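The values are calculated or read from the model by the stated rules, or taken from the named source; none is laboratory data. Since the structure is predicted, the reported quantities are computational estimates derived from the model, not experimental observations. Quick reminder, even Gly has a Cβ in these numbers, built from the backbone with ideal geometry, and neighbours come from all protein chains shown. Each accessible area value is taken on the protein alone, full model and side chains, heavy atoms only, with ligands, DNA and RNA left out. Shrake-Rupley method; radii C 1.70, N 1.55, O 1.52, S 1.80 Å.
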Amino acid sequence: MADLFDIEKLEEKVILVGVSTSDDDDTMESLDELTDLASTAGAVTVGRIIQNREQVHPGTYIGKGKIQELREMVYELSATGVICDDELSPAQLRNLEQELDIKVMDRTLIILDIFAARASTSEGKIQVELAQLKYRLARLVGLRSSLSRLGGGIGTRGPGEKKLEMDRRLIKDRIAQLGRELADVKRHREVVRMKRSKNQTLVAAIVGYTNAGKSTLLNHLTDAKVLEEDKLFATLDPTTRMLALNGGQEILLTDTVGFIRKLPHHLIEAFRSTLEEAKYADIILHVVDASNTQMEKQMFVVYETLANLGVTDKTVVTLFNKQDRVIEKETLRDFKADKTLCISAKTGEGLEELKNILEQILQEKNILIERIYPYADAGLIQLIRKYGQLLEEDYRAEGIYVKAYVPMEIYGNVTG
Ligand SMILES: Nc1nc2c(ncn2[C@@H]2O[C@H](COP(=O)(O)OP(=O)(O)OP(=O)(O)O)[C@@H](O)[C@H]2O)c(=O)[nH]1
Ligand SMILES: [Mg+2]
């Protein structure tokens, strides 16, 4: 985006705005999270305001009285912007900016900002830029008066008015171009996936709420050196590593982008191919931050997002992580999981057990064979050794006796 717009650095002081539609919803927690998101994006939260309404105001997000209250708060706290906790419609954004005469942002924009700062591979960058442009394009329609601020994220001023007129067409062209580039990347990814499945190696996708400890787990298990940080969305690009299990079998582990409540749909759309890593996995390792008071809600969001992505019917192992930080140990349950385990990705607690569980799952997915191969077929035993688990091997007069677990996919090959 930097080449399309003039960007000026500002020190941002923001007020967070939320709408609570019922007494028992999670507006407070959602605003806590928005504070973290804002700080990750580089803004300081100086205040928050919650309106209780039956529903979000269709024209201005919050009602007239609250707008007045917010206006005073902006003045008193010398705020430079407000962030609404839901994605605003173009009209809501425009109206609220006019009413407040200050930069108005929403949760989606902040998440997009963070993603933009984090993306490192070309695929990640393309995906983020695509999501940003679509978000902005939708908000350019028919706008004039507040154009000077529109679409600016944390620490930036929006593009100038003259530029925007030109940009509308440029943005459309750019979206089309990025779409084509992304299609190329996707094709490449498909090829890699095909190669992988030809190799018969099973894949486990590490999924979970952002900051749950997914990258830390991958690093501890495989020495992958993925960036782990106490920040939201540290990982945007999937990393895959081989993990050798105790019985000699191997499994591929893929670290994935974290989930969050109200994940912007532009991002889900743009990041679909990345998020779909989980769809092509054989096993889901669901990492949960058991030290977080929002654990239950976060697990719910993860399952909801997985369902939206069409990831169902997988073997799920839920890992209640950060046990080293859990003081009151309670019984942790996840009825959606096939297995659960308490671990600490940091100290390594439970990780040997995890490897055993993975081995067990692989065995369940494999078929037990027991037979004698002629010496001329020794090559087949190599195949078994590589992709299955050789339990017994005995060189006898009539041939080689073999007892082994083999994956379904090569069962045909090695039994002829
Ligand atoms: N105390 C403790 N901290 C942990 C543990 N596992 C991870 N962390 C910390 O939690 C923070 C987030 O860890 P990451 O591995 O980056 O989390 P992630 O799930 O990959 O997060 P995103 O990539 O942002 O979605 C880091 O500061 C880690 O050091 C654990 O078992 N115990
Ligand atoms: Mg990560």
Can you tell me which residues in the stretch 336-387 are without any contact (Cβ under 8 Å) to a residue 60 or more places away in the chain, among the β-branched types (Val, Ile, Thr) and under 21 Å from LEU217 (Cα atoms)?
THR340, THR347, ILE357
Quick one: LYS346 ticks every box in (1) under 22 Å from the mean Cα position of the chain (by Cα); (2) more than 28 Å from LYS262 (Cβ to Cβ); (3) away from ligand 2 (no atom under 16 Å from the Cβ) except a single one, so which number is it?
(3)
Can you name every one of the strands (runs of 3 or more DSSP E) wholly within the stretch 337-416 that holds 1 or more residues which are buried (at least 16 other Cβ atoms within 10 Å of the Cβ) and at pLDDT 90 or above?
339-342, 366-373, 399-407
Of GLU398, GLU330, GLU352, the only residue that is under 26 Å from LEU253 (Cα atoms) and among the acidic types (Asp, Glu) is GLU352
(1) of a type in the set (Val, Ile, Thr); (2) within 14 Å of ligand 2 (Cβ to nearest atom); (3) at pLDDT below 85: which one isn't true of ILE268, the others all being true?
(2)
For the stretch 59-70, indicate whether the set of residues that are closer than 24 Å to LEU263 by Cβ, not in a helix (DSSP H, G or I), not hydrophobic (A, V, I, L, M, F, W, C) and not assigned by the TED database to the domain that holds ALA138 is non-empty.
yes
Checking the condition within 25 Å of TYR135 (Cα to Cα) and within 12 Å of ligand 1 (Cβ to nearest atom), which residue from PRO264, PRO238 passes?
PRO238
Selection from the stretch 217-251 of residues of a type in the set (Val, Ile, Thr) and near ligand 2 (Cβ under 8 Å from one of its atoms) yields VAL226, THR235
Among the residues listed as VAL257, VAL288, VAL302, the single one being within 13 Å of ligand 1 (Cβ to nearest atom), surrounded by 21 or more Cβ atoms within 10 Å (Cβ to Cβ) and in a loop (DSSP other than H, G, I, E, B):
VAL257
Condition test on SER120, is it modelled with pLDDT under 90 and in a loop (DSSP other than H, G, I, E, B)?
yes
Could you check how many residues of the stretch 312-336 are open to solvent by less than 40 Å² (accessible area, probe 1.4 Å) and modelled with pLDDT under 90?
1
